[in-house]
Structure formats: structure tokens, C-alpha cells
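Please read the structure below before turning to the comments.
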Amino acid sequence: MGIPPSVLRWKPRLPSRNWSAFLLTVSTLSYLYYDDRRQCRLIRAEYEEKVRPLAEQPMKPNQWPRKVHVYGAKTPGDDDHDQSFRYFKRYVK
């Protein structure tokens, strides 16, 4: 019983050029995705704090609930009509 000699002789070394490029690409893309999601959460929390007093006001029994109408338009030069709605659903809603 004990530590095998092969473990004691193991010497760490740097990955090859291809593996380094792969790891750099994957880690960069992962961080960009993580940072995007984090920024979205922070922006959403900031807007929630701004409208919190409105949400805490009691409503009268004969009052209709508050609604917000969101209009989306396509970006100039873009043929995708649903792009603005996808951005809204992803970042705002």
C-alpha cells in the first residue's frame, strides 16, 4: 500500500500548441458567456430596484392591473423581423 512510484515520477508539462489554442478559445468563450449572463442579471436587478416602489403600492379593488406595451422594430439592414423580440425575451423579460 502507498503511493505508486509512477505518481511520484510524474512531471507536469505545458500542453502542446494545438491544445493551448483550444483551451484558450474555450475558456474565452466560456467567460464571455458567463459575463454576458452576469451583466444581464445586474441590469435586471437595477431596473427591479427602480420600480420596486410601484410594485409595493397596494391596488384598489376596482383598479385594473398595470400593463406595459412593448413595441419591437427590425434593425435597419436586417431581414430578421423577430430579432428585437428575441432580444427582449432574452435580456429584458
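Hey, any idea what % of the chain's accessible area is carbon plus sulfur with a 1.4 Å probe? Mind showing how you got there, number by number?
Values: 5840 of 9490 Å².
Carbon and sulfur: 62 percent of the exposed surface of the chain.
Label positions at Lys50 and Arg66, each projected 7 Å from the Cα along the C-beta direction, are separated by 1.3 nm. Applied to segment 62-71, the Karplus parametrisation 6.51 cos²θ - 1.76 cosθ + 1.60 on θ = phi - 60° returns per-residue 3J(HN,Hα) values of 9, 9, 6, x, 6, 10, 10, 9, 10, 9 Hz, with x for Gly and Pro.
By the scheme Lys and Arg +1, Asp and Glu -1, what is the net charge of all other residues having a beta-carbon under 13 Å from that of Thr28? After counting each charged neighbour, the total is -2.
Say R0 is 41 Å: what FRET efficiency, to the nearest 0.05, do Arg37 and Lys11 get from their beta-carbon distance? The value I calculate is 0.60.
Shape analysis of the chain places it in the oblate category; the axes a ≥ b ≥ c from the Cα gyration tensor give an a/c of at least 1.5, with a/b not above b/c.
Taking the solvent-accessible surface of protein heavy atoms with a 1.4 Å probe, what is the per residue accessible area of the chain in Å²?
Numbers: 9490 Å² over 93 residues.
Value returned for the chain: 102 Å² of accessible area per residue.
For the Cα atoms of the chain, what angle does the longest principal axis make with the long axis of helix 17-56, in degrees from 0 to 90, nearest 10? Approximately 30 degrees, to the nearest 10.
Between the exposed loop cleavage positions of the chain, defined as chymotrypsin sites (Phe, Trp or Tyr not before Pro) in a non-H, G, I, E, B DSSP state with at most 13 neighbouring beta-carbon atoms within 10 angstrom, the longest gap is 11-70.
The values are calculated or read from the model by the stated rules, or taken from the named source; none is laboratory data. Everything numeric here is computed off the predicted structure, so don't read it as measured data. Note that each Cβ is placed from the backbone with ideal geometry, even for glycine, and that neighbours are counted across all protein chains shown. Just so you know, the surface numbers come from the protein's heavy atoms only, side chains and all, with ligands and any DNA or RNA stripped out. Shrake-Rupley method; radii C 1.70, N 1.55, O 1.52, S 1.80 Å.
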